[in-house]
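The values are calculated or read from the model by the stated rules, or taken from the named source; none is laboratory data. Being a predicted model, the structure only gives us computed values, none of them experimental. Cβ coordinates were reconstructed from backbone atoms using ideal geometry, including for glycine residues, and neighbour counts include every protein chain displayed.
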Amino acid sequence: MSLFTGNATLTSRETSPRASLWNRKIKWSKIMEYYAPVSLKDAEKLKKRKGRNFLFAGGCFLNWRGSPKADSLIDIKNLGLGGIRVSKTKIVIGASVTVEELADNKSLPDVIRKAAKSFETRNVRNMATVGGVVAGKFFVSHLLPVFAAYQADIEYYLDGRKRKISLKKWLQKRDGIICSVIIDKPSRKVEMEFEKISAIDLPLIVSAAGCNTPGRRILEAVFAVSGAENRLVISSTAEKYLNGKKTREISIGELTQAALSDIKPSGNFKASARVKKRIIESHIKKMFGALLK
Ligand SMILES: Cc1cc2nc3c(=O)[nH]c(=O)nc-3n(C[C@H](O)[C@H](O)[C@H](O)COP(=O)(O)OP(=O)(O)OC[C@H]3O[C@@H](n4cnc5c(N)ncnc54)[C@H](O)[C@@H]3O)c2cc1C
């Protein structure tokens, strides 16, 4: 295996002149290992070793105070998972692509760029990667609902080979190393909305909706919400309500009722569950107003 191994980064306290004194006082338990494998095969081997071994992409979540403790970090930077390919029939976004790269790429659909640009700060956009956004269990996401609304697939590496499944299914299993996000229907109509308290805050709720409307009949509708619960919710009841109907048959009130029957918002210090419900209602009205006109 060709690997680079090193210790975890030292903090200023550990490298200060008083470090030797300080180090003597501490009984070092276990040093976190760092690897940067050059093949998916090697990365998988490292991931499957005993212990808490985490793939390391942008490091936003893994450097965060709420992140789980790791025995080793497996940096995916040398796995060749970068690049964005856009054609009329397909979009392929590599797992190592940063959110800033998405925001900057003018050939991507506006709604994907809007979601990417909405990230809190440029620093986070420069660090966070598409693979990290999909795999990270952050409590709210600008991009995940949009990928869901596009009915995106995930290409991932598991047990020595690449596979492809829908994002929805991948989120249930969370297996393997994500290689790319694939959008096979880039011409779908997709809308996204989000609500936040202040410009530099994380969003309270992010919603996205997508569908096709050939001959004004609604097909393959998706309504997805992040920030309401501790996971992405894709409303199957809203989909059932919408699919097969003519656009003029849709009542926004009935659609909202259908969607909210699948979404159980939890309140926090920023917004109560009731406020979150009202936000989702207003998103539905705005997005489906645009999609069905
Ligand atoms: C301070 C801060 C601000 C944030 N602001 C926003 C915001 O405004 N909007 C928003 O939507 N989100 C925001 N986030 C959430 C952020 O998008 C996620 O934390 C995301 O996981 C960051 O991606 P990363 O590449 O840095 O992931 P990492 O921290 O490197 O990894 C996150 C998780 O994903 C796993 N992982 C990474 N890559 C892969 C892969 N290719 N295959 C399988 N598993 C993988 C890692 O093992 C880890 O468990 C913020 C997070 C932080 C900490």
### Task
Collect the residues in the stretch 68-105 that are in a helix (DSSP H, G or I), of a type in the set (Asp, Glu) and either without any contact (Cβ under 8 Å) to a residue 24 or more places away in the chain or not assigned by TED's automatic domain parsing to the domain that holds Arg125 (or both), keeping them in residue-number order.
Glu101, Asp104
### Query
Can you name the residue in the stretch 169-188 that is of a type outside the set (A, V, I, L, M) and touching a strand residue (DSSP E or B) at 6+ places or on another chain (Cβ under 6 Å) and, of all such residues, is nearest to Phe288 (Cα to Cα)?
Arg188
### Task
Quick one: which helices (runs of 4 or more DSSP H) lie wholly within the stretch 127-207 and hold at least 1 residues that are surrounded by fewer than 19 Cβ atoms within 10 Å (Cβ to Cβ)?
167-173
### Message
What's the number of the only condition in (1) at pLDDT below 75; (2) within 16 Å of the ligand (Cβ to nearest atom) that Arg24 fails to meet?
### Response
(2)
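Somewhere in the stretch 185-192, is a residue within 14 Å of the ligand (Cβ to nearest atom), under 16 Å from the mean Cα position of the chain (by Cα) and within 22 Å of Lys41 (Cα to Cα)?
no
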### Task
Looking only at the stretch 134-156, count how many residues are at pLDDT 95 or above and over 16 Å from Ser118 (Cα atoms).
11
### Summary
Listed by first then second residue, the pairs whose first member lies in the stretch 129-140 and is under 15 Å from Trp64 (Cβ atoms) and not assigned by TED's automatic domain parsing to the domain that holds Ala57, whose partner is more than 6 Å from the ligand (Cβ to nearest atom) and among the polar types (S, T, N, Q), with beta carbons under 7 Å and at least 6 positions apart or on separate chains, are Thr129/Ser96; Thr129/Thr98; Phe139/Asn230; Val140/Ser226
## Note on the structure
Within the stretch 48-64, the residues that are within 9 Å of the ligand (Cβ to nearest atom) and without any contact (Cβ under 8 Å) to a residue 12 or more places away in the chain are Leu62, Asn63, Trp64
### Task
Please identify the pairs in which a residue from the stretch 266-282 that is surrounded by 15 or more Cβ atoms within 10 Å (Cβ to Cβ) has its Cβ atom under 7 Å from the Cβ atom of a residue that is of a type in the set (Asp, Glu), counting only partners at least 6 apart or on another chain.
Ile279/Glu195
### Query
When you look at Ser180, is it among the small types (Gly, Ala, Ser) and at pLDDT below 95, yes or no?
no
